[in-house]
Amino acid sequence: MFRLLKDVSTRWLTIGPAASRLRKEIIWLIKQPIMKADCQFVVDSSNLFIRFTENFQQDVPLVHKLHAELNLLILTLAGRVLKPVATEKLRDELTLQPFEDEKNFLLLLQTVVSDVIVDCLESVDELP
């Protein structure tokens, strides 16, 4: 039923493809919508890091790109959970301060998640 794609020594880089493969191949086994949403959340979250990890897997020195790529990654993550006003402040000056004030966070129902996650969560009677 399953096939080994390839063995890799850097497991931290494979969480996205592993979760995606799990979702595609055995999601029909998962009966609880919350577990389906969890699996999809891992896939969606790991996709945010693809550009970053791919950039730094090259065989050339890339330290000169690190600051810009980290800025982009933080802004991308912030855009998922922070109000637009707080994200705009980050564009001007990259600091963790907006993450320290709970007023800057979006409400749970406003956070950016995929439609698949929303569909799964809508079929859950009560969230934990």
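Brief remarks on what is shown
- Residue selection: Asp44 satisfies the criterion of being in a helix (DSSP H, G or I), acidic (Asp, Glu) and in contact (Cβ under 8 Å) with a residue 24 or more places away in the chain.
- Residue pairs whose Cβ atoms lie under 6 Å apart, sitting 6 or more positions apart in sequence or on different chains, and linking a residue in segment 101-121 that is within 14 Å of Thr87 (Cβ to Cβ) to a partner that is of a type in the set (Lys, Arg) and modelled with pLDDT of 85 or more, are Asn104/Lys83; Leu106/Lys83; Val112/Arg80.
- Candidate set from segment 66-113 (those that are within 23 Å of Phe41 (Cα to Cα) and of a type in the set (Ser, Thr, Tyr)); member that is surrounded by the fewest Cβ atoms within 10 Å (Cβ to Cβ): Thr111
- Residues that are more than 30 Å from Ala18 (Cβ to Cβ) and without any contact (Cβ under 8 Å) to a residue 40 or more places away in the chain do not occur anywhere in segment 73-82.
- Hits in segment 114-128 - residues which are under 15 Å from Phe41 (Cα atoms) and surrounded by 10 or more Cβ atoms within 10 Å (Cβ to Cβ): Ser114, Val116, Ile117, Val118, Asp119, Cys120, Leu121
- Inclusion of Asp125 among residues that are outside any helix (DSSP H, G or I), closer than 24 Å to Lys36 by Cβ and more than 14 Å from the chain's Cα centre (by Cα) is warranted.
The values are calculated or read from the model by the stated rules, or taken from the named source; none is laboratory data. In this text the structure is predicted, and so the values were computed from the model without any measurement. Using ideal geometry, Cβ is built from the backbone for each residue, glycine included, and neighbour counts are taken over all protein chains shown.
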